[in-house]
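These notes are about the structure you will find just below.
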Amino acid sequence: MNKLIAYDPFADAGFDDLFRGFFKPVRLATPSPVSIKMDVTENDTGYVVHAEMPGARKEDIQVTIEGNQVTIGAEVKREGEPKDGEQRLRTERYCGSVYRSFTLPVDLDEAASAAKFENGVLELTLAKKAALAGRKLTIQ
């Protein structure tokens with residue numbers, strides 16, 4: 001016959017992890033930089049990139065294209081300071097610079113590419129550069 005074991009929810013390590021560090025002083029808890037999470041899809045004419053950039057404003061985002069390398073960068077700023085009589089107890093949201101760079105298999109056409117930012121998601125439509133037609137050399 002099996003033994004019955006009493007379950008103690010407070011003895012579970014997961015419960016301790018849930019509340020660990022919640023009341024640490026703000027000056028000791030420094031948020032780490034956030035990486036930009038992306039989805040990249042390919043179609044016949046180019047690539048579509050969806051990059052999550054929470055807390056960034058459209059004016060603070062830079063996108064550069066050099067050949068087949070794409071770099072996305074942004075400055076994430078803190079929105080407000082505590083009012084008089086208020087004290088910040090905990091800060092977990094990151095503020096500072098974030099960037100991500102990646103390469104694609106083919107060169108990109110900067111002029112035909114477009115970017116749109118809505119609801120914290122940057123959508124890049126990156127056009128592939130047209131392949132150059134081969135040239136026949138004459139032998140002299």
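Excluding same-chain neighbours fewer than eight residues apart, the lysines reachable from LYS128 by a Cα-Cα span under 28 Å are LYS37, LYS58, LYS116, LYS136.
Cα-Cα pairs above 16 Å in segment 42-140: how many percent?
When all Cα pairs of segment 42-140 are counted, 65 percent exceed 16 Å.
If you take all other residues with their beta carbon under 10 Å from the beta carbon of ALA115, and give Lys and Arg +1 and Asp and Glu -1, the sum is +1.
Taking chymotrypsin sites (Phe, Trp or Tyr not before Pro) across segment 85-114, none is in a DSSP loop with at most 15 further Cβ atoms lying within 10 angstrom of its Cβ. Loop-located GluC sites (Glu not before Pro) in segment 57-140 (DSSP state other than H, G, I, E, B) with a sparse environment of at most 14 neighbouring Cβ atoms within 10 Å: GLU79, GLU86, GLU92.
Every number here is computed from the coordinates shown, using simple stated rules; none is lab data. Since we're looking at a predicted model, the values are computed, not measured. In this analysis, Cβ positions are derived from the backbone assuming ideal geometry, glycine residues included, and neighbour counts consider all displayed protein chains.
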